[in-house]
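As structure tokens, the structure follows; a few thoughts come after it.
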Amino acid sequence: MLDVRRLQVLRAVVTSGSVTAAATHLGYTPSAVSQQIAALERQTGVRLLERIGRGVRPTAAGRLLTEHAGIIGRSIADAETALAELRAGRTGLLTVRYFATAGAALIPPALARFRHRHPDVRVELKLIDPDPLPEVAQGRADLAILVRAGTPVREGVHLVHLLDDPYLAVLPRDHRLAAKEAVDLADLAAEPWVSSEPAGPCREVVLAACAAAGFHPRTAVECDDYPTAQGFVAAGLGVSVIPRTALDSRHPEVAVREIRNPRPVRRIHAAVRETSLEQPALRALLTALRDAAGGRD
């Protein structure tokens with residue numbers, strides 16, 4: 001492979017017209033420049049320069065390599081500029097994975113803030129439910145929004161707490177418990193339940209709280225999304241518990257009440273690889289997510 005540094009020395013000699021002028025421009029001695037040219041000629045097996053009076057001119061091979069050295073030099077300069085932009089957080093690509101509620105509640109306002117300050121950084125979003133952590137741990141994503149339910153985080157992954165999202169009781173509007181301002185979780189033990197989440201970290205939070213209250217919920221209707229669960233509850237088919245962030249749009253025929261003793265809370269985090277924290281754009285996105293989460297407290 002041709003030595004890029006020697007090619008740039010050749011280009012300096014050709015464009016300046018002499019070894020001495022090239023040495024002055026490069027900060028080398030004339031002897032060092034001559035040695036670099038000689039080494040390049042040995043590497044290529046052809047003469048690259050010929051003397052004319054007190055100067056030099058390129059041979060056909062020298063002109064060819066000088067043209068390519070110019071292209072390489074411009075490419076290196078472009079690469080250095082692009083790297084500087086990336087290191088400053090002004091360009092690049094961030095891949096983000098999230099679970100469904102985070103997509104609606106946190107990512108839109110955070111991304112709006114981020115794009116206002118970093119318009120040239122591309123963000124690729126993809127829904128991964130129920131647990132996008134493996135995407136970060138295995139290097140397929142830069143950041144994931146997730147819920148941890150007490151399981152240890154993987155080595156090399158850093159968690160940033162964003163939001164504590166309490167569950168609320170969702171009852172038929174004429175349910176006997178709807179007259180209360182808050183319900184004990186044990187008050188729901190004998191009720192038929194409408195599940196609102198697939199198996200995963202979020203459901204584990206609810207089941208752990210129910211176990212602490214001394215019961216396991218009796219599921220009458222299985223569904224995997226919050227609006228559908230509200231519809232079943234409104235029809236009188238059971239009660240449900242749904243996170244606060246998922247209740248921005250409420251069915252008119254349900255009553256929503258606080259839960260206590262205990263109150264199930266899912267803790268929403270951003271997960272990133274520890275080695276990625278040095279990226280300015282990623283840090284800026286984390287800041288935007290914290291700001292968006294703070295607006296929901």
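The values are calculated or read from the model by the stated rules, or taken from the named source; none is laboratory data. The model shown is predicted, which means the values in this text are computed figures rather than measured ones. Heads up, the Cβs are rebuilt from the backbone with ideal geometry, glycines too, and the neighbour counts pull from every protein chain shown. Only protein heavy atoms, including side chains, enter the accessible area calculation; ligands, DNA and RNA are left aside. Shrake-Rupley method; radii C 1.70, N 1.55, O 1.52, S 1.80 Å.
Conditions (1) assigned to a helix (DSSP H, G or I); (2) within 30 Å of CYS202 (Cβ to Cβ), marked per residue:
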residue: LEU10; (1), (2): yes, no
residue: TYR28; (1), (2): no, no
residue: LEU64; (1), (2): yes, no
residue: GLU67; (1), (2): yes, no
residue: SER75; (1), (2): yes, no
residue: VAL96; (1), (2): no, yes
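Within the stretch 68-83, not a single residue is under 24 Å from THR228 (Cα atoms) and touching a residue at least 60 places away in the same chain (Cβ under 8 Å). Residue-level check: of (1) out of contact with any His (no Cβ under 8 Å at 6 or more places or on another chain); (2) open to solvent by less than 50 Å² (accessible area, probe 1.4 Å), ALA12 misses just (1).
Out of curiosity, is ARG273 crowded, with 16+ Cβ neighbours inside 10 Å, within 19 Å of the chain's Cα centre (by Cα) and over 22 Å from LEU94 (Cα atoms)? For ARG273, the condition - crowded, with 16+ Cβ neighbours inside 10 Å, within 19 Å of the chain's Cα centre (by Cα) and over 22 Å from LEU94 (Cα atoms) - is not met. Among the residues of the stretch 276-297, those that are surrounded by 15 or more Cβ atoms within 10 Å (Cβ to Cβ) and not in a helix (DSSP H, G or I) comprise GLN279, ARG296.
For every residue, the table says whether it meets (1) farther than 20 Å from THR287 by Cβ; (2) in contact (Cβ under 8 Å) with a residue 12 or more places away in the chain; (3) in contact with a Gly (Cβ under 6 Å, 6 or more places away or on another chain); (4) surrounded by fewer than 19 Cβ atoms within 10 Å (Cβ to Cβ).
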| position | (1), (2), (3), (4) |
| --- | --- |
| ALA102 | no, yes, no, no |
| ALA105 | no, yes, no, no |
| GLU135 | yes, yes, no, no |
| LEU159 | no, yes, no, yes |
| PRO166 | yes, yes, no, yes |
| LEU177 | yes, yes, no, yes |
| LYS180 | yes, yes, no, yes |
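Could you tell me whether VAL206 is aliphatic (A, V, I, L, M), assigned to a strand (DSSP E or B) and within 18 Å of ALA246 (Cα to Cα)?
Numbers: aliphatic (A, V, I, L, M): yes; assigned to a strand (DSSP E or B): no; within 18 Å of ALA246 (Cα to Cα): yes.
Against the criterion (aliphatic (A, V, I, L, M), assigned to a strand (DSSP E or B) and within 18 Å of ALA246 (Cα to Cα)), VAL206 does not qualify.
Kindly evaluate THR245 against the criterion of being under 20 Å from GLY200 (Cβ atoms) and outside any strand (DSSP E or B).
Numbers: under 20 Å from GLY200 (Cβ atoms): yes; outside any strand (DSSP E or B): yes.
So THR245 passes the test.
Filtered by the rule that a residue be in contact (Cβ under 8 Å) with a residue 24 or more places away in the chain and either open to solvent by less than 50 Å² (accessible area, probe 1.4 Å) or part of a loop (DSSP other than H, G, I, E, B) (or both), the stretch 30-45 gives VAL33, GLN36, ILE37, ALA39, LEU40, THR44. There is no residue in the stretch 190-205 that is open to solvent by 10 Å² or more (accessible area, probe 1.4 Å), within 12 Å of ARG260 (Cα to Cα) and in contact (Cβ under 8 Å) with a residue 60 or more places away in the chain. Being at pLDDT 85 or above and charged (D, E, K, R) is the filter; apply it to the stretch 46-88 and report the residue that is surrounded by the most Cβ atoms within 10 Å (Cβ to Cβ). Taking the candidates together, the pick is ARG57. Reported count of residues in the stretch 217-260, each being in contact with a helix residue (DSSP H, G or I) (Cβ under 6 Å, 6 or more places away or on another chain) and open to solvent by 70 Å² or more (accessible area, probe 1.4 Å), is 1. Touching a residue at least 24 places away in the same chain (Cβ under 8 Å), closer than 21 Å to LEU286 by Cα and open to solvent by 10 Å² or more (accessible area, probe 1.4 Å): is that true of LEU146 in this structure? Here the answer is no, as LEU146 does not meet what is asked.
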